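The values are calculated or read from the model by the stated rules, or taken from the named source; none is laboratory data. Predicted, not measured: the structure shown is a model, and the values here were computed from it. In this analysis, Cβ positions are derived from the backbone assuming ideal geometry, glycine residues included, and neighbour counts consider all displayed protein chains. With ligands, DNA and RNA removed, areas are computed over all heavy atoms of the protein, side chains included. Shrake-Rupley method; radii C 1.70, N 1.55, O 1.52, S 1.80 Å.
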Amino acid sequence: MSKGGRAAVARSRSIDHQLDEERERREKEVQILIIGGPGAGKSTFIKQLRLHYGDQFPPNERRLFHDQILQNVAMGLVHLIEHMERMGLQFETPEVQDLSREFRKKHPRISIVTLIKKFKEENEKAEEICPVTTRAELTKRLSSFDVYNPEVPNVDDMHTLWADPAMQICFEKRNKFETDKLTHSSEYFLLHIGRICSKEYLASVQDILLIRWPTLGVQEHKFMVDGLLYRMIDVAGQRSLRKKWIHFFDEVAAVAFFVNLTAYDEFTEEDPTVNSLQDSLQAFAEISHSQFLDKTDFILFLNKKDLFANKLKTSSIATCFPDYKGPNTVDASLKYIKEQFLQSKPAQKQVYSHATCAIDVPHMKDLLATVVDCIVDINVKRSKNY
């Protein structure tokens, strides 16, 4: 064999070896893109994965959530202070009234619009200084921005505000708020304010699951399950940041799309004229039709089914879907919403759907086992097609 022939054979063997290594890597690693609007439960899903397949939040890690939980308590208090003004309720003493004003200035409620603006500004500055050329570089950059870094609230101030009779009256009437209702998370943390503000406090699993904290960039999480590395890529769900999603479609084995079922009578903060559930439906339709995800399977999580059931007692999904004429029951309403999503996808697109309660630990343990088996099958099929 000539020298040129031997070189060609060597190159061929090298290419075959690289392909074998790539195939082996793909068989042992699976990338899942986590997508959904604000408050849909993406972060809670990741926490459940960590609880059942990760380190289960050891004590030293639980302490890291303390400041976020205190901030969640503060947001609940400020929320109630705003409702007290609307209801004409006054704090018991001028001193507490002054404290409420100062507390509100220090801990304003989260404005997603403001945070997105800051995030975009940081991203544009970084792009001018050093444009990114790979997805890894983009992930690193988008996960490095810290646009939400609020001051840690004083626990004594929170105790004082919470103990005021007018504050308690407002909280007792929370179910009668016509608009800007208190979230389930805020209710939970306010009801546990004594435990949370104690010196011995250590966050429980339920506390961690109920934290609400905005995801604006890209967060990557890794879990090893039965010898398979799961790389979960959690991307921001706000409308104006969705253009970034396309950068993370490459090598994705499946897309996990989260929907907040209770959003059927709510509106997006970015555009108060847009119904939140309709916005989620539109986002699902757009991404499921993406040519870059033509052969990618989807897992649809219709989340917060427990809160959805409670909400249906006083309102109907006809608020969001005027054509809905069915009974105002959980099963019928859930079936209709599921059908709207499945009808919006391409006919050939495989979508596995689940109605979930992401904060329910036993429920999620069983569901995650099912989802993991599903992802394994998806990955095997994908590896064979590679």
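Observations on the model:
- Looking only at the range 318-356, residues that are in a loop (DSSP other than H, G, I, E, B) and among the β-branched types (Val, Ile, Thr) come to 2 in all.
- Residue count for the range 357-375, restricted to those that are in a helix (DSSP H, G or I) and either among the aromatic types (Phe, Trp, Tyr) or surrounded by 16 or more Cβ atoms within 10 Å (Cβ to Cβ) (or both): 6
- Test: residue in the range 286-304 that is touching a strand residue (DSSP E or B) at 6+ places or on another chain (Cβ under 6 Å) and basic (Lys, Arg): yes
- Of Gln97, Gln68, Gln56, all but one fail to be farther than 15 Å from Trp162 by Cα, open to solvent by 10 Å² or more (accessible area, probe 1.4 Å) and either touching a His at 6+ places or on another chain (Cβ under 9 Å) or part of a helix (DSSP H, G or I) (or both); the exception is Gln68.
- Test: residue in the range 358-378 that is in contact (Cβ under 8 Å) with a residue 24 or more places away in the chain, under 28 Å from Leu209 (Cα atoms) and among the polar types (S, T, N, Q): no
- Among residues of the range 279-301 being of a type in the set (Gly, Ala, Ser) and surrounded by fewer than 19 Cβ atoms within 10 Å (Cβ to Cβ), the one that is farthest from Phe45 (Cα to Cα) is Ser290.
- Candidate set from the range 84-94 (those that are open to solvent by 10 Å² or more (accessible area, probe 1.4 Å), of a type outside the set (Asp, Glu) and assigned to a helix (DSSP H, G or I)); member that is farthest from Glu187 (Cα to Cα): Pro94
- Among the residues of the range 267-293, those identified as outside any helix (DSSP H, G or I) and touching a residue at least 40 places away in the same chain (Cβ under 8 Å) are Thr268, Glu269, Glu270, Asn275, His289, Ser290.
- Residues located in the range 302-354, provided they are under 17 Å from Ser276 (Cβ atoms), basic (Lys, Arg) and open to solvent by less than 60 Å² (accessible area, probe 1.4 Å): Lys304, Lys311
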